[in-house]
1. Which one of LYS145, LYS165, LYS161 is at pLDDT 95 or above, closer than 26 Å to MET368 by Cα and surrounded by fewer than 18 Cβ atoms within 10 Å (Cβ to Cβ)?
2. I'd like the residue in the stretch 1-46 that is β-branched (Val, Ile, Thr) and more than 13 Å from ILE263 (Cα to Cα) and, out of all such residues, is modelled with the lowest pLDDT.
3. Has the stretch 254-266 got any residue that is touching a Ser or Thr at 6+ places or on another chain (Cβ under 6 Å) and part of a helix (DSSP H, G or I)?
4. Could you check the stretch 248-272 and list, in sequence order, the residues that are surrounded by 17 or more Cβ atoms within 10 Å (Cβ to Cβ), farther than 22 Å from ALA192 by Cα and among the hydrophobic types (A, V, I, L, M, F, W, C)?
5. Of the numbered conditions (1) farther than 30 Å from ASP125 by Cβ; (2) assigned to a helix (DSSP H, G or I); (3) modelled with pLDDT of 75 or more, TYR395 satisfies every one except a single condition; which is it?
6. Under 7 Å between Cβ atoms, which residue pairs at least 6 apart in sequence (or on different chains) link something in the stretch 364-387 that is touching a residue at least 24 places away in the same chain (Cβ under 8 Å) and under 22 Å from GLY349 (Cα atoms) with a partner that is assigned to a helix (DSSP H, G or I) and among the aromatic types (Phe, Trp, Tyr)?
7. Only one of PRO355, PRO372 is in contact with a Gly (Cβ under 9 Å, 6 or more places away or on another chain), closer than 25 Å to GLY159 by Cβ and at pLDDT 80 or above. Can you tell me which?
8. Being surrounded by fewer than 20 Cβ atoms within 10 Å (Cβ to Cβ), of a type outside the set (D, E, K, R), closer than 23 Å to ILE322 by Cα and at pLDDT 90 or above is the filter here, so list the residues in the stretch 195-235 that pass it.
Amino acid sequence: MLKRTMKSNDDEVFPLGFGAMRLPTKNNSIDKDLAREIIYYGIDNGINFIDTAYNYHGGESESFLGEILNEFDSNGVKYYDKVRLSTKLPSWLVKSYEDMETLFEEQLNRLQTDSIDYYFIHSIDLSTLRRLESLGLYDFLEKLKHENKIKNIGFSYHGSKNEFKEVVDSYNWDMCLIQYNYLDTNIQAGTAGMKYAYSKDLEIFIMEPLKGGILADKLPKDAEKLFKNLDNNRSPANWALSWVLNHKEVTCVLSGMGNIDEINENITVSNKIKVNPLTKEELTVIRNVKKIINSSVKINCTSCGYCLECPQGVNIPECFNIYNEKHIFNLKLIGPIPHALLRYYMIVGGIMNKPAYAGLCNECGRCMSHCPQSINIPQELKTVSKEFEGHGFKYKSAFIKNIGLPLSNKLSKFFDFFKSA
């Protein structure tokens, strides 16, 4: 297996890591059987870095990993011994030094371990870092490192590019976790920040390599055509992951993989890509695809979920995702209904789950302080509502949901309803 050696500690890490923020779910909880299957499959096929956080899946992600990593493979080897595990201190919950201690001990208990390989301070910008510094953050981290309860210290970043260098220089960090993909080269840390952190000997971990899935599915027709003309056998996800791994600065790319096929494809790409293998022609095609996509994206949401839980129950990322899908992807009708409109009714309209549509927003603004992309969420939700909901949306959704039929028959009735509406 192709691995990358860390400068700071000589750890050998496979360049593809498993992000445990988007594990498969069932009934609003982690689908433990499926998630266990895909994580074990990834580990057994070379993935040796897993990333989670205190708040992923409402705290369930850490507990789930603690459970399954303490189990043994077919050779009697504990899965914990086959991986490096990272998690994060939830910076927004820290109000005192004692909070840091309490939260960390809770994480050890959830993860069923006595030490954490890579510990990130979650989602900091400069003002958050200064607040944590005043509460004794560095003393806390040094104490844990001295006690061997954490082995490597870093931070994940969603702040402005202007502050990134100052955060890097504030402490002797071992690593950082930044958002990076071929669309996001000039936001947050960006290319310049990544290169600066690398020059300071930080290990660079990458999140959102597929920009919340936008780069993994069907692209605009013109963009898809550019990729296919050059290589008809490579998927959009393959191109996106190859582009990130093409950078010598990158240690490991974290991907939230939901099935075996995705794992196989990503492992195949990661085994082939070393440093700077992409040709000039390939890089030119990616630049041209970027131009096409940038002209189509309406709301710059990565589906990170930090804006949740919404007090009114709005599934903000999914509302934005469906809206972007309509304007970006090459989508077709399903029956007589536009694909995006059907997904909107089914997923957030209240037919498959409880209502979580954009029109429920009361503009309280709570979500905005948590958004790494600085999106004006209430204003954008108005746009989404206007696009999909229209007159009587609440009653249309309730009508379909209350039909006492299986889902397949509900879809048939749904089509009939809109034919006559």
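1. Details: LYS145 fails: closer than 26 Å to MET368 by Cα; LYS161 fails: at pLDDT 95 or above.
Among LYS145, LYS165, LYS161, only LYS165 is at pLDDT 95 or above, closer than 26 Å to MET368 by Cα and surrounded by fewer than 18 Cβ atoms within 10 Å (Cβ to Cβ).
2. Per the stated criteria, the residue is THR5.
3. Yes, the stretch 254-266 contains a residue that is touching a Ser or Thr at 6+ places or on another chain (Cβ under 6 Å) and part of a helix (DSSP H, G or I).
4. Those that are surrounded by 17 or more Cβ atoms within 10 Å (Cβ to Cβ), farther than 22 Å from ALA192 by Cα and among the hydrophobic types (A, V, I, L, M, F, W, C): MET257, ILE263, ILE267, VAL269.
5. Of (1) farther than 30 Å from ASP125 by Cβ; (2) assigned to a helix (DSSP H, G or I); (3) modelled with pLDDT of 75 or more, only one is false for TYR395: (3).
6. Qualifying pairs under 7 Å: GLU380/PHE320; VAL384/PHE320; VAL384/TYR323; GLU387/TYR323.
7. None of the other options fit; the residue is PRO372.
8. Matches in the stretch 195-235: SER235 only.
The values are calculated or read from the model by the stated rules, or taken from the named source; none is laboratory data. Keep in mind the model is a prediction, meaning the values are calculated, not measured. Glycine gets a Cβ as well: all are built from the backbone with ideal geometry, and neighbour counts include every protein chain shown.
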